[in-house]
Ligand code: MET
Ligand SMILES: [Zn+2]
């Protein structure tokens, strides 16, 4: 095999610099274009990527990092793990990804601690692994025809099986990987990259033994490319010596999130991830060079800390950003140029970076009166019926509102005219809720393009981009704001909308805020302060807003934290500290409220199990939580909270209208576990992706079910 190239990246964005793939996918899914047209769009993106990486001076080009939907799904197809029920679909790949009429899609979940979502492999007793190497081979040939030798990237066997909860199938799967390596060798491929990010989490001795046997076996193959095992999103920990003991030739380490390896790696090529793939900042050359020089190997390759999938394409597209901020930013293209530049510098012999400064412990949050005191004050003040009915905040975002926002940006609609339109929408939302008979109303969030971006646009210390799209899943992209400086709130943000809504009705209207952890989790965040301190700054801004809402007469305030679970560190040892400061931040944001003011919080995205104690620690008067998909499990777990609780009575992700009987049944199950005084009735999450027709029909049934139960309980 040839020596490993001196510079590389672990992967690259693939949605297209102007989201070309998104458009091509959606046209194909809608039946407006053929599969051949979709494949052509993919080929254009791949060609552009390879050409650009080469132009920027990168030596080692990856292939097979492109995907029409998801790289884990691609790996399942590669290994033949296609459940039989999808095989007869018109397009089995997209049937697995998105479902068809009558066929539910495979489950999707978050890719480690990123906002990218992958398709969970479904591996059962009937799964027969059988290699189908068409995609990686085709990409190698396609690149070669353009004049580029590439290194195919495939999810490694251990990570793939851990994601599919089927590590016991390792022997069979390794047979497929052996065949793949032989096929790639026959094609003249010099190096293959096997991604093993699962190794940066806590692994059991059995899992580490499986890792050793996997790479001993693949390494023993006589005709194969060089094996490059890539890890990312953290430190390899105990997996590093295990991997170092196998015959793999190259090991990838994340030197941004993980430490410099202390294991002797002298016989290995170390692919050193010194340019972050998780943030948008320029790399400090001093820090990168120091980290590179400290790697205990004579053969060090410069790379990114992970795939660049998680950052936008090109900062030069951002013509409206402040020049001073723009100068600090690096998106994928800029990061590739940094990798190439670092590789051209001799980096041996510089001093390693000094230890980071010790940090003070978390600030003890100011606390409100005990719950019993607050609950009594709130009951007296709010006088709500038993089983109060509410919603999670957003109402349908209409096409007119989106068009109006675009018109303001384009300069064809005045701000004043837009605001009148928002107020008219608020009035509509209030009237709908009154007509339906809900108890705690919302203004519907019509002014928000997004629950994080809206706040970012109104806080100091944030910038928003014009084209900084990042793939979230499939064709879905988000445009995370950039938190670049000290955060503060120059003036009230939501007060005018909340008070306008309250002026239209005698029913209480909830004020709606996004919590500090969620605002930070869904942004790109400055890296010169500990994350905790950044979250505390945002918490203080939210606290200002809570105070102003309260002063304006809003007596119920909801602070949403749907991303609380998302920032949880991958290693258990770090989780407790995170949860402690995350809870402290929430309480800092909300504890300025008086006892009479009812604080609600909202969480969604099913797997709350791991952070239940933290949710309890938020000490919100009412917690509304996703439960349609996690059901009785979550109920049993939150039963002990001892404060108000609103387990969602229907799933808002589906257009289906739940029947009144169905909602009643769910409420009965809730009432079997929780005392009636503590139960709230609400959907699983916000309604912005639904139509008014669906919302009104669903909520009408929720009201019918609730009234029947109230009558029965004599409440
Ligand atoms: C992802 S949680 C969403 C909460 C927000 N208040 C909404 O209703 O849209
Ligand atoms: Zn939600």
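Every number here is computed from the coordinates shown, using simple stated rules; none is lab data. No experiment lies behind these values; they were computed from the predicted model shown. All Cβ positions, glycine included, derive from the backbone under ideal geometry; neighbour counts span all protein chains shown.
Things to note:
- Kirkwood hydrodynamic radius over Cα pairs of region 633-706, then Stokes diffusion coefficient at 37 °C and 0.692 mPa s, in µm²/s: 257 µm²/s
- Shape descriptor for the chain: Rg over Rh equals 0.98 (Cα atoms; Rh from the Kirkwood inverse mean 1/r).
- Relative contact order for region 268-324, counting Cα pairs under 8 Å that sit 6 or more residues apart, in percent: 48 percent
- When DSSP beta bridges are restricted to pairs lying wholly in the chain, around 20% turn out antiparallel.
- The chain, relative contact order [Cα under 8 Å, separation at least 6], %: 11 percent
- Cα-only radius of gyration and Dmax that characterise region 510-642, units Å: 14.6, 44
- Kirkwood's formula applied to the C-alpha pairs of region 219-307 gives a hydrodynamic radius of 13.2 angstrom.
- Distant alpha-carbon pairs in region 140-282 (separation over 27 angstrom), percent: 21 percent
- Put simply, the C-alpha atoms of region 27-66 give a gyration tensor, and the ellipsoid matching it has half-axes of 28, 9, 6 Å, longest first.
- Here, region 1-124 has an Rg and a Dmax of 16.3, 51 Å when only alpha carbons are counted.
- Convex hull volume per residue for region 86-155, taking Cα atoms only, in Å³: 155 Å³
- Debye log10 I(q)/I(0) at q = 0.18 Å⁻¹ for region 550-627, Cα point scatterers: -0.72
- Histogram of C-alpha separations across region 169-218, 5 Å bin width, %: 5, 17, 24, 25, 16, 9, 4, 1
- Kirkwood-type radius of region 580-664, with distances r between different C-alpha atoms, in Å: 14.1 Å
- Kirkwood Rh in Å, taken over all unlike Cα pairs in region 669-714: 12.1 Å
- Over region 519-581, equivalent-ellipsoid semi-axes from the Cα gyration tensor in Å: 27, 14, 10
- Per-residue ellipticity at 222 nm from helix content only, as computed over the chain with -39500 (n - 2.57) for each DSSP H run of at least four residues, stands at -12500 deg cm²/dmol.
- Each of the peptides 641-652, 405-416 was scored by the mean count of other Cβ atoms within 10 Å over its residues; in descending order, highest first, they stand as 641-652, 405-416.
- C-alpha long axis of helix 134-145 to longest principal axis of the chain, angle in °: 60 degrees
- Degrees separating the helix 371-382 axis from the principal Cα axis of the chain, which is the longest one: 50 degrees
- Fewest-first sequence of 512, 108, 451 by Cβ atoms within 10 Å of each Cβ: 108, 451, 512
- Range of Cα positions in region 393-468 per principal axis (Å), largest first: 41, 27, 18
- Ratio of the Cα radius of gyration of region 215-270 to 2.2 N^0.38 Å, where N counts its residues: 1.12
- D_trans [Stokes-Einstein, Kirkwood Rh over alpha-carbon pairs] for region 49-118, 25 °C, 0.890 mPa s, µm² s⁻¹: 174 µm²/s
- Computed over region 560-607: relative contact order in percent, which uses C-alpha pairs under 8 Å that are six or more apart: 61 percent
- With Cα atoms as the point set, the radius of gyration and Dmax of region 436-485 evaluate to 14.7, 45 Å.
- In this structure, residue 44 and residue 344 have a Cβ-Cβ separation that, at R0 = 25 Å, corresponds to a calculated FRET efficiency of about 0.25.
- Pairs of Cα atoms farther than 24 Å apart, region 426-544, %: 38 percent
- Angle between the chain longest axis and helix 415-436 axis [Cα atoms, degrees, rounded to 10]: 70 degrees
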